[in-house]
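A short write-up of the structure that comes next.
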Amino acid sequence: MGRGYETHQARVMALQGLGKDLARRAKSRCELTGVAGVPLRPYEVPPVGDEPEIERTLLVCEACIEVLERPHRLAGREWQCLAEVVWSEMPAVQVVAWRMLNELAKREDWAREVIEEVFLDEEVEAWARSAEL
């Protein structure tokens, strides 16, 4: 097998190793929508480093994974939860919520209004602007 496959598998295993700590931190809820009782997966907030870091990884539901992987599908008022989540104390949550709100602001007036009011710490804003959805 190729080196790329082995590297990918090692990263997947490292992410799985964060699973219990992520679930504990997230209280087994999606860290973006707050939904519980659904399958949750780790999501590394880009840009990613050489090794997965819990501070740069979120536990999210399949609906979030879907729009994070395909941002053009992000639309609608069902994402208004981001208006609260963007004020989270956790920088990775702030970064992803800010990016999602910016994508939504292209189509949704409510998201444009929210993003105009958001204030992020300089380091968090730099991280948020360092990559797009």
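Going by how many other beta carbons lie within 10 Å of each one, how would you line up Asp109, Asp50, fewest first?
Asp50, Asp109
How do Arg112, Arg70, Arg99 line up, fewest other C-beta atoms within 10 Å first?
Arg70, Arg112, Arg99
Are there DSSP H segments in the chain that both extend 15 Å or more along their axis (alpha-carbon positions) and score a mean Kyte-Doolittle hydropathy of at least 0.0? List them, or say none.
Both cut-offs are met by 91-104.
If you stretched the chain out fully between Glu113 and Ala75, how much longer would it get, using 0.36 nm times the residue separation minus the C-alpha to C-alpha distance?
Gain on stretching Glu113 to Ala75: 12.2 nm.
Would you mind ranking Tyr5, Tyr43 by Cβ crowding within 10 Å, fewest neighbours first?
Going from least to most buried by this count: Tyr5, Tyr43.
What does the convex hull of the Cα atoms come to per residue for the chain, in Å³?
Here the figure is 114 Å³ per residue.
Mean residue ellipticity at 222 nm from the helices of the chain, using -39,500 (n - 2.57) per DSSP H segment of n ≥ 4 over the full residue count, to the nearest 500 deg cm²/dmol?
Rounded to the nearest 500, it is -14500 deg cm²/dmol.
Modelling each spin label as a point 7 Å along the Cα-to-Cβ direction, I'd like the Lys27/Asp50 distance in nm, to one decimal.
Roughly 3.7 nm, to one decimal.
FYI, it's all coordinate maths here, none of it is from the lab. Since the structure is predicted, the reported quantities are computational estimates derived from the model, not experimental observations. Here the Cβ is made from the backbone with ideal geometry for all residues, glycine too, and neighbour counts use every protein chain on show.
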